[in-house]
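The values are calculated or read from the model by the stated rules, or taken from the named source; none is laboratory data. Model, not experiment: these values are computed from the prediction. Note that we place each Cβ from the backbone using ideal geometry, even for glycine, and neighbour counts take in every protein chain shown.
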Amino acid sequence: MRTRFLQGLDELKQKLLRMGGMAEQAVSRAMDAYRTGDTAVCTRVTEGEYAINSLEREIDELALDLLAMQQPMAVDLRFIIAVVKINADLERVGDQAVNISERVVDLSRLPAVELPVDIPRMADLASEMVRNALTSFIQGDAAMARRVLNRDNELDTMNRDISHTLMNWMSENPSMVQQAMDGIIISRNLERIGDHATNIAEDVIFWVRGADVRHGHVPQG
């Protein structure tokens with residue numbers, strides 16, 4: 001029974017890694033669409049969301065099966081709990097990618113304009129946070145997870161700066177209000193992706209060290 005349980009834990013980990021890859025790909029595709037204006041890529045992001053949702057259900061069901069199989073030891077229980085929570089955050093990363101794609105489609109229907117902000121740079125940071133949070137999970141590396149937490153304030157600052165710049169820009173360019181609003185919404189979606197990466201990093205620390213570091217509380221040691 002223990003051998004089957006350990007095999008189930010490994011399968012759970014592999015499924016979550018596949019989920020992470022799909023979520024990362026969704027964000028990458030959405031930002032490629034933003035950079036190029038290729039709305040066909042947006043369609044692939046939306047279609048990919050169905051696969052992400054399906055895999056989310058598979059992971060949750062497997063986690064419940066493992067909990068029912070036997071009473072897990074503390075570290076195994078923390079691992080399963082962390083996987084369930086990370087799974088939900090990855091699904092929401094996919095949702096944010098779909099939201100970005102929808103804004104790209106909207107922009108494609110409007111007169112082309114170059115927004116006075118660097119949204120791709122913000123996307124690079126958000127993607128890096130997700131990638132590093134997942135790497136910290138693969139490696140069981142709480143120190144790397146903490147470094148993800150430290151980047152969240154930087155992403156929040158980028159979001160505020162972009163929103164402030166575009167609010168001022170639209171007041172000076174009233175004919176470009178919708179384009180500016182789309183830019184603000186994309187920025188907010190990227191900020192939310194960073195929040196989900198932060199949640200994942202917190203769950204890694206919980207799994208590895210048994211420490212609850214939500215709401216900014218990061219115990220030392």
Every listed condition ((1) under 23 Å from GLN178 (Cα atoms); (2) in a helix (DSSP H, G or I)) holds for VAL117 save (2)
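Out of the stretch 11-51, which residues are of a type in the set (A, V, I, L, M) and either surrounded by fewer than 22 Cβ atoms within 10 Å (Cβ to Cβ) or in contact with a Leu (Cβ under 7 Å, 6 or more places away or on another chain) (or both)?
Taking the stretch 11-51 as the starting set, the residues that turn out to be of a type in the set (A, V, I, L, M) are 12, 16-17, 19, 22-23, 26-27, 30-31, 33, 40-41, 45, 51.
The answer is LEU12, LEU17, MET19, MET22, ALA23, ALA40, VAL41, ALA51.
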- Condition check for ARG188: in a helix (DSSP H, G or I), under 21 Å from ALA23 (Cβ atoms) and touching a residue at least 12 places away in the same chain (Cβ under 8 Å): yes
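Given the structure, is ARG78 over 23 Å from GLY210 (Cβ atoms) and of a type outside the set (Asp, Glu)? Let's see the steps before the verdict.
Numbers: over 23 Å from GLY210 (Cβ atoms): no; of a type outside the set (Asp, Glu): yes.
Judged against the criteria, ARG78 is not a match.
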Quiz item: Condition test on ILE119, is it farther than 27 Å from ASP10 by Cβ, within 20 Å of the chain's Cα centre (by Cα), crowded, with 18+ Cβ neighbours inside 10 Å and touching a residue at least 24 places away in the same chain (Cβ under 8 Å)?
Solution: yes
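Is there a residue in the stretch 165-173 that is part of a loop (DSSP other than H, G, I, E, B), over 24 Å from GLY94 (Cβ atoms), β-branched (Val, Ile, Thr) and touching a residue at least 24 places away in the same chain (Cβ under 8 Å)? Spell out how you get there, then give the answer.
At the first step, the residues of the stretch 165-173 found to be part of a loop (DSSP other than H, G, I, E, B) are 173.
Then drop every residue that is not over 24 Å from GLY94 (Cβ atoms), which leaves 173.
From what's left, β-branched (Val, Ile, Thr): none.
No; the residues of the stretch 165-173 include none that is part of a loop (DSSP other than H, G, I, E, B), over 24 Å from GLY94 (Cβ atoms), β-branched (Val, Ile, Thr) and touching a residue at least 24 places away in the same chain (Cβ under 8 Å).
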Being under 21 Å from LEU90 (Cβ atoms), free of Cβ contacts under 8 Å to residues at least 40 places away in the same chain and in a helix (DSSP H, G or I) narrows ALA51, ALA30 down to just ALA51
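Here are some residues: ASP32, ASP10. Which one is modelled with pLDDT of 95 or more and in contact with a helix residue (DSSP H, G or I) (Cβ under 6 Å, 6 or more places away or on another chain)? Walk me through how you get there before you give the answer.
Numbers: ASP10 fails: in contact with a helix residue (DSSP H, G or I) (Cβ under 6 Å, 6 or more places away or on another chain).
Going through ASP32, ASP10 in turn, the sole match is ASP32.
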